[in-house]
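Notes follow once the structure below has been shown.
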Amino acid sequence: IEEPKSWLNSGLEQVIDDTSLYISWVIESEMLLKRPDLAILYYPALYNMYWFMGRCVKVLRQSEDTPLYPVLDRLFLLWDKTSKTFGTSQLLSLSQKQQIGSKTYNIWQGFLGLNDTLHGKSANHCDDQIYSTAVAVNALIDIWSYNPVGQENRLFWLDDCPQQVKDVVNSASNYLHSEILNVSSWQLSNSFFSGSVKTNSTMFYLYPLNYIRYFNGTKVHKITNTTDYLSVIFAVEGVIPENEYDAMLKASPPPTFNGFNEIAFPFWSSVEITRAFVMLALSKHDALTLQ
């Protein structure tokens, strides 16, 4: 391994520490659930966030290099705690029971097809249910499992893994195995990437700012309907005094989220990604059941 001191300086360590603390706060404060349009700006599929953290935790848990980098060790300890407590609790609470024929499965639903209207009546088409379930299963397995050294094709549950996690993962994996070949292609939809503006309150200039300038450095004194937003830098410079910041917050949109049906926005979907994530979840589940 390359000597850490050759590239890891105090400034970079501070960036890693601050970023890891912020991401943990997003989950622990439930900001991810309250304002997903802001917390995961370009990745509206909610369960991706838990998997982002879960797979990082799994890699750090098993890496022989982690102890050599104290900043990564701190990150691991923080995210391991966040994912096992707040992350797992939220994932389990978001899981739903669905009966198909004589069997009942644990599943997760996203927002695609939710609150649709068909012939004037409300309908839930569950367009991203397969995808959401696959991502949630991958997240839970990565949070709570490990590969023994020299047995990369085997997975074992951690000793402190709750039985509820094992039961939900088994149920959801059985659902994926049963349904992946029995659904239409539109039921394999997802939103793995999207445009940034998803509601009228997503606009960045509605929130506390003290630095508004054109790219050439010219100060913008007033935002109007004709302002070219793509040519302006909106940011915070330094530290805003508390009384000024509080006043800015009061003038900002309320911290509420009414779902993704407020306005139309672009997103990217891939059936192949859904199938790949399902195969990954099922292969992990099979590796666990070999115990």
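The values are calculated or read from the model by the stated rules, or taken from the named source; none is laboratory data. Bear in mind that the values here come from a model prediction, so they are computed numbers and not experimental data. Glycine also receives a Cβ, built like all others from the backbone with ideal geometry; neighbour counts cover every protein chain displayed. Keep in mind that these areas ignore ligands, DNA and RNA; they rest on the heavy atoms of the full protein, side chains included. Shrake-Rupley method; radii C 1.70, N 1.55, O 1.52, S 1.80 Å.
Within region 149-201, being open to solvent by 40 Å² or more (accessible area, probe 1.4 Å) and part of a strand (DSSP E or B) holds for F156, F193.
When restricted to residues that are in contact with an Asp or Glu (Cβ under 7 Å, 6 or more places away or on another chain) and in a helix (DSSP H, G or I), region 122-132 contains 1. Among the residues of region 20-43, those that are in contact (Cβ under 8 Å) with a residue 40 or more places away in the chain and of a type in the set (V, I, T) comprise I23, I27. For region 69-77, the criterion of being modelled with pLDDT under 95 and either among the small types (G, A, S) or in contact with a strand residue (DSSP E or B) (Cβ under 6 Å, 6 or more places away or on another chain) (or both) is met by no residue. In region 216-243, the residue that is surrounded by the fewest Cβ atoms within 10 Å (Cβ to Cβ) out of those that are more than 17 Å from M203 (Cβ to Cβ) and in contact (Cβ under 8 Å) with a residue 24 or more places away in the chain is G238.
Scanning region 53-68 for residues that are loosely packed, with under 15 Cβ neighbours inside 10 Å, of a type outside the set (A, V, I, L, M) and either in contact with a strand residue (DSSP E or B) (Cβ under 9 Å, 6 or more places away or on another chain) or assigned to a helix (DSSP H, G or I) (or both) gives Q62, P67.
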